[in-house]
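J.: Please read through the structure below; I'll follow up with questions.
The values are calculated or read from the model by the stated rules, or taken from the named source; none is laboratory data. On a predicted model such as this, the values are computed, not experimentally measured, just so you know. Positions of Cβ are generated from backbone atoms using ideal geometry, with glycine treated the same way; all protein chains shown enter the neighbour counts. Only protein heavy atoms, including side chains, enter the accessible area calculation; ligands, DNA and RNA are left aside. Shrake-Rupley method; radii C 1.70, N 1.55, O 1.52, S 1.80 Å.
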Amino acid sequence: MEQKKIRWWKSAVVYQIYPRSFKDSNGDGIGDLQGVIEKLDYLKELGVDALWLSPVFTSPQDDNGYDISNYRDIDPMFGTLKDMDELIAEAKKRGIRIILDLVLNHSSDEHPWFQEAKKSRENPYHDYYVWRDGIPGTPPNDMKAAFGGSAWEWVPEVEQYYFHQFSVKQPDLNWENPKVRREIYDMILWWMDRGVGGFRLDVIDQIAKEPDLKITGNGPRLHEFIRELSRETFQKGDLLTVGEAWGADPEKAKLYSNPDGSEFSMVFQFEHMMLEQEPGKEKWDRIPLPFVRLKRILAKWQEELYGCGWNSLFWDNHDLPRIVSRWGDEGKYREVSAKMLAIALHGMQGTPFVYQGEELGMTNVHFPDITWYRDIESLNMYKERMAAGYSEHAVMDSIYSTGRDNARTPMQWDDSKNAGFTQGDPWMAVNPNYLQINAAAQVHHPDSVFACYQRLISLRKSYPVFVEGRFRLLLEQDQQIFAYVRECEKEKLLVCANFTSRPAPFSLPEEWQEAEILIQNYPEKNTESCLRPYEALIYRKTSE
Ligand code: GLC
Ligand code: CA
């Protein structure tokens, strides 16, 4: 049953921060919590309600913090627990909540649990991880790790293999063990006591693995585990929780985001993000965007979750290439296409997530060669594919279009050295286009991409139809335009967006002729019967 009072996170907009690339406060070249505190006023000005921070816990940083060695402390690189308390308090003063990123599928191999676990089979922590017998050189099966190589690693001390879905330094936790679950719940409650506003749950659909059956995602006990997790922790507070679920379909998402609150608030699903992957191939092998399918998929999620679940809305995160480089235009139409993508997304039903720099129209980066890159996934792929005989050119092209470092270059604050990100040497180079694309040039500029995001966020707060309205797709077969209506009892929206660099024939339906335009991405009025390149508008009217 839908709660009477609308939960706060339904009308919220969340901003994702990748802390190591956001703002460096002490000149060591790595972003940190004091840097986030410095920029709270900027975020307040943008109008967001919550900040999701990618992991800042103690970590050897094999996968930039997605390998945690102490869940109850902050990595010195980012600051201290005191800084985190200060961030929570300072954000709260500005009406902003802090969402932490929990990596519960695996820990770091340097976590004390794993250090103990690998000492002996009798060690009380041994069963915190997933072990199988075998002989050296012959793993239990041929499962592969997401970052390359076998998913099994031999430990001579115990004469067993441990299972890792990601890097060897990210051993999978054994959720079958109730002690592991209890440790996790206590840790979450401890963070709730410190005043956090919610959690993002990393690769949560992979926790219930059954490696003997080669099952990783959507294991048989998944929803049982999640319901217990939610009951023991989240339900004791008023939190936004969002699970990362690459393997979700709408049926599963209805369980995850059941309005009875038994699991999470919502999930990140990726169906719309995987359309350019060549069927049967890896994420590095791309095909052109099938636009009509994209619309169908977006519409499917909107319709299926209406009233019985809740969508997250996003184009970008720290694992994906920049949306403006992907579906927009990096050149002449960069600003207008960045705004178009924002309008198309923020008009839908769900909780929008803005990834740092997206609000400036930041683009992918094309560094000269592999030595400039830092991401473990790209580096491993480079080695594997070069060894397999791919050309350097082809491998670099994949990294340019798809690599995760596209989203991880430092935030572009201004046109000073290192884009104002650091006084020292940045851990990864800044995108050279910071001279043109940076926050300082946009914040007070009424026609900027930033201003467009700001306006979209404030519209969501001003008109309930953004939160409540039912979605209906228009022009299903149109090859250029994504158009839809949102309607609730009192008001209606019409959103239309041209996803191409060509004019798109379009005539505004009669009933919308007199409607008010809430937002548009061209300064001058459109007098032709088409949408201009990447043009997007939202119309609003009250229902008669
Ligand atoms: C998620 C994170 C990604 C990380 C992986 C392993 O997909 O978003 O950055 O590498 O999980 O934790
Ligand atoms: Ca720093």
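J.: Under a no-solvent Debye model with one identical scatterer per Cα of region 20-132, what's log10 I(q)/I(0) at q = 0.16 Å⁻¹?
T.: Per q value, in the given order, log10 I(q)/I(0) is -0.75.
J.: For a quick protection proxy, order the peptides 350-363, 485-498 by their average other-Cβ count within 10 Å, most packed first.
T.: 350-363, 485-498
J.: Right, something else. Using unit Cβ charges (K, R positive; D, E negative) and no other charged atoms, how large, in debye to the nearest 20, is the dipole of the chain about its Cα centre?
T.: So the dipole magnitude of the chain works out to roughly 1220 debye.
J.: How far is it, in nm, from the label point at residue 384 to the one at residue 28 when both lie 7 Å from their Cα along the line to the Cβ?
T.: In this crude spin-label approximation the distance works out to 3.2 nm.
J.: Grab the Cα-Cα distance for residue 461 and residue 72, subtract it from 0.36 nm times how many residues apart they are, and report the gain in nm with one decimal.
T.: 136.6 nm
J.: Take residue 524 and residue 475, extend 7 Å from each Cα along the Cα→Cβ direction, and tell me the distance between the two endpoints in nm.
T.: 2.1
J.: Turning to a different aspect of this structure: Determine, from the Cβ-Cβ distance of residue 38 and residue 235 and an R0 of 35 Å, the FRET efficiency 1/(1 + (r/R0)^6), rounded to the nearest 0.05.
T.: For R0 = 35 Å, the calculated efficiency reads 0.50.
J.: Okay, next question. Hey, can you grab everything whose amide H is under 5 Å from the amide H of residue 268? Only 5+ residues off in sequence or another chain; H modelled, so Pro and N-termini drop out.
T.: 243, 244, 245
J.: Additional query: Whole angstrom only: what separates the Cα centroid of region 270-287 from the Cα centroid of region 6-75?
T.: 29
J.: From the residues 253, 367, 291, which one has its Cα farthest along the dipole of region 242-372 in the positive direction, the dipole being from +1 and -1 charges on Cβ of Lys/Arg and Asp/Glu about the Cα centre?
T.: 291
J.: Here's another thing I want to ask about it. If you rank 287, 343 by how much accessible surface each has, with a 1.4 Å probe, what is the order from largest down?
T.: In descending accessible area the options line up as 287, 343.
J.: Quick one: accessible area per residue over the chain, 1.4 Å probe, rounded to a whole number of Å²?
T.: 39
J.: How much length is gained if the chain between residue 513 and residue 490 is pulled fully straight, taking 0.36 nm per residue apart and subtracting their Cα-Cα distance, in nm to one decimal?
T.: Full extension from residue 513 to residue 490 adds 6.5 nm.
J.: Suppose a student asked you for the relative contact order of region 103-202, using Cα pairs under 8 Å spaced at least 6 residues apart; what percent would you report?
T.: 29
J.: Name the residues of region 77-114 whose amide N is less than 17 Å from a point 7 angstrom out from the Cα of residue 182 along the C-beta direction?
T.: 113
J.: Between their Cα atoms, which of 5/490; 119/179; 492/525; 39/82; 144/383 are more than 20 Å away from each other?
T.: 492/525
J.: Here's something else I'd like to know. Kindly state, to the nearest 0.05, the FRET efficiency for residue 8 paired with residue 228, given R0 = 25 Å and r defined as their beta-carbon distance.
T.: Once rounded, the FRET efficiency stands at 0.55.
J.: In whole percent, what relative contact order does the chain give with Cα contacts below 8 Å and a gap of six or more residues?
T.: Once normalised by length, the contact order is 13 percent.
J.: While we're on this one: Could you work out [θ]222 nm for the chain from helices alone, using -39500 (n - 2.57) per DSSP H run of at least four and dividing by all its residues? Round to the nearest 500 deg cm²/dmol.
T.: -7500 deg cm²/dmol
J.: Taking region 252-348, which GluC sites (Glu not before Pro) meet the DSSP loop condition and have no more than 14 other C-beta atoms within 10 Å?
T.: Loop-located and lightly packed - 282.
J.: Given 10 °C and 1.306 mPa s, how large is the Stokes-Einstein diffusion coefficient of the chain in µm²/s, with Rh as the Kirkwood radius over Cα pairs?
T.: After rounding, the answer is 66 µm²/s.
J.: Remind me, relative contact order of region 1-76 in percent, using alpha carbon pairs under 8 angstrom and six or more residues apart?
T.: Normalised by residue count, the contact order of region 1-76 is 25 percent.
J.: Counting only protein heavy atoms, what percent of the accessible surface of the chain is carbon or sulfur at a 1.4 Å probe?
T.: It is 50 percent, rounded to a whole number.
J.: Under a plain spin-label model, where a point goes 7 Å from the Cα along Cα-to-Cβ, how far apart in nm are residue 210 and residue 300?
T.: 2.5
J.: Give me the number: length gained by fully extending residue 502 to residue 80, i.e. 0.36 nm times residue separation minus the C-alpha to C-alpha distance, one decimal in nm.
T.: Full-extension gain reported as 146.8 nm.
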